[in-house]
Amino acid sequence: MPHRYRDLHPRCHEYRTKNIDKTQYPTIAENCTTISWEYANETNNFGNCVNITKDDEFMYVTSNNVPDFYMNLYCPIGLGFGYCTQSEKDKGTCMFPNLICGGDNGPGALKYGDVWVPNEANYKIPLKGNPTRSDRPGDMYDAETVGGEKTIGPSTGVAINGIGIQGPNDAGDFSIDEGGFQLACGGHVTPPLGNVAPGSDPGPGGPPLYHFHKSPECLEPFKNASIGYAHGAQPYVHAKLIGWAMDGFKIFAYQDVDGAAPIVDECGGTLGQQIQEKLNIITTAVPLFLIILLAKDHR
C-alpha cells in the first residue's frame, strides 16, 4: 500500500501539482512501490524503478524515488541523536524536536538508522528550456508557470534515475553544507515521520523519502571524472547528461565542450554549442544544488 508523504518542506506545500492526469504518465511495475530496502541489491537494480516517455512538448517521468545504488543506514547527526542542528535548537526552529534516529519512528526507521521507503512520483518537464522568458528569473520551485507538473513539492528537477533534485536546504530549512550533513552520492532521506499523522505537529506525516541536494557523483555520467584516463576516461569531451531542471534545461556533469571548464552565468547555465541537437545546456561546475538555483528563491 503506497505511503502518504509529507511535502518535505512547509514552504513547498503549494508547489506540488494537486491534480494531474495520470493517463499522461508512464507506469512502473506494481512491486516498485512495495520493495523494501532490506531486499534491494544489484540483482534488482537496488529497487530503483523509473519510466520516461515524451510527446512533442513534454517529457513525462514516473519513478519510485528509490536510488539505483546501495544506500547505507542514515542518521544525519548520529545514532541516538535527533534531526536538528544545535543552531535550530537554540533558535527554537527545530521541526522535529522529539524525533530520535534509531527510534521507533515508523516505516523506514530501523534500529541503526533510516532507509528509503518507495513512493511513486511524477514529473512533467518541457523538452526545451527557454532562457528568454520575460518572467525569468522566477520562483525555482514553481513548475506550473512553465507548463510543468510534479508530485514532490520541493523538487527543482529530476535526475536520470528518477530521483528528485531539491534545493540547498534540508527539511528543517537549514543549509546542508552549513549544517555539516555528509551526503553519500549527494543525497539522503528525509526524517522518518511515519508515526506522525498528516497535519499534526511537526507537520504532515510520511516515511523517509530519498532525494538529491548535491552532485550525485556515483552515477554513471560522473565516472568520467573519477575512473582515470587509463581506465577509459574521456577528459576532452562534453560531460554526459545527469538530469533535467523543471523548466526544461538539461543538467550535465562537470565538463563543457572539449572537456573545458565551463563558463556559466549566475544561474549556473550556458548557451553552449549544439550538442546532440540540443541547445541551451546547463553545465554543472559546482555542487549541484547551486546549479539548480535557476531562479530567484522567494522566501
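Applying the set (1) open to solvent by 50 Å² or more (accessible area, probe 1.4 Å); (2) closer than 15 Å to F212 by Cα to G157 leaves exactly one unmet item: (1). Hey, any hits in segment 160-173 for a residue that's touching a Cys at 6+ places or on another chain (Cβ under 8 Å), at pLDDT 85 or above and closer than 27 Å to Y60 by Cβ? Yes, the conditions are met somewhere in segment 160-173.
So for segment 278-293 (the condition being crowded, with 20+ Cβ neighbours inside 10 Å, of a type in the set (S, T, N, Q) and either modelled with pLDDT of 80 or more or under 24 Å from the mean Cα position of the chain (by Cα) (or both)), does at least one residue qualify? Within segment 278-293, one or more residues are crowded, with 20+ Cβ neighbours inside 10 Å, of a type in the set (S, T, N, Q) and either modelled with pLDDT of 80 or more or under 24 Å from the mean Cα position of the chain (by Cα) (or both).
Within segment 13-25, the residues that satisfy the criterion of being in a loop (DSSP other than H, G, I, E, B) and exposed (fewer than 14 other Cβ atoms within 10 Å of the Cβ) are K18, N19, D21.
Output the residues belonging to segment 74-96 that are open to solvent by 30 Å² or more (accessible area, probe 1.4 Å) and among the small types (G, A, S). Correct list: G80, S87, G92.
In the set (1) closer than 24 Å to T23 by Cα; (2) basic (K, R); (3) in contact with a helix residue (DSSP H, G or I) (Cβ under 9 Å, 6 or more places away or on another chain), R133 fails one condition alone, (1). Can you pull out every residue in segment 33-73 that is among the polar types (S, T, N, Q), assigned to a loop (DSSP other than H, G, I, E, B) and open to solvent by 70 Å² or more (accessible area, probe 1.4 Å)? Within segment 33-73, T34, N72 meet the criteria.
Could you look through segment 217-253, keep only residues that are charged (D, E, K, R) and modelled with pLDDT of 85 or more, and pick out the one that is farthest from M59 (Cα to Cα)?
Residues of segment 217-253 that are charged (D, E, K, R), as a first pass: 217, 220, 223, 240, 247, 250.
From what's left, modelled with pLDDT of 85 or more: 217, 220, 240, 247, 250.
Details: E217: 24, E220: 21, K240: 18, D247: 11, K250: 12 Å.
Ranking the qualifying residues of segment 217-253, first place goes to E217.
When P10 is tested against (1) surrounded by 14 or more Cβ atoms within 10 Å (Cβ to Cβ); (2) closer than 18 Å to N122 by Cα; (3) at pLDDT below 95; (4) under 18 Å from the mean Cα position of the chain (by Cα), just one condition goes unmet, and that condition is (2). Considering only segment 97-114, I want to know if a residue exists there that is farther than 29 Å from S36 by Cα, open to solvent by 50 Å² or more (accessible area, probe 1.4 Å) and at pLDDT below 90. Taking every residue of segment 97-114 in turn, none turns out to be farther than 29 Å from S36 by Cα, open to solvent by 50 Å² or more (accessible area, probe 1.4 Å) and at pLDDT below 90.
The values are calculated or read from the model by the stated rules, or taken from the named source; none is laboratory data. These figures come from a predicted structure and were not determined experimentally. Every residue, glycine among them, receives a Cβ derived from its backbone with ideal geometry; neighbour counts consider all protein chains shown. Just the protein is used for accessible areas: all its heavy atoms, side chains included, with ligands, DNA and RNA removed. Shrake-Rupley method; radii C 1.70, N 1.55, O 1.52, S 1.80 Å.
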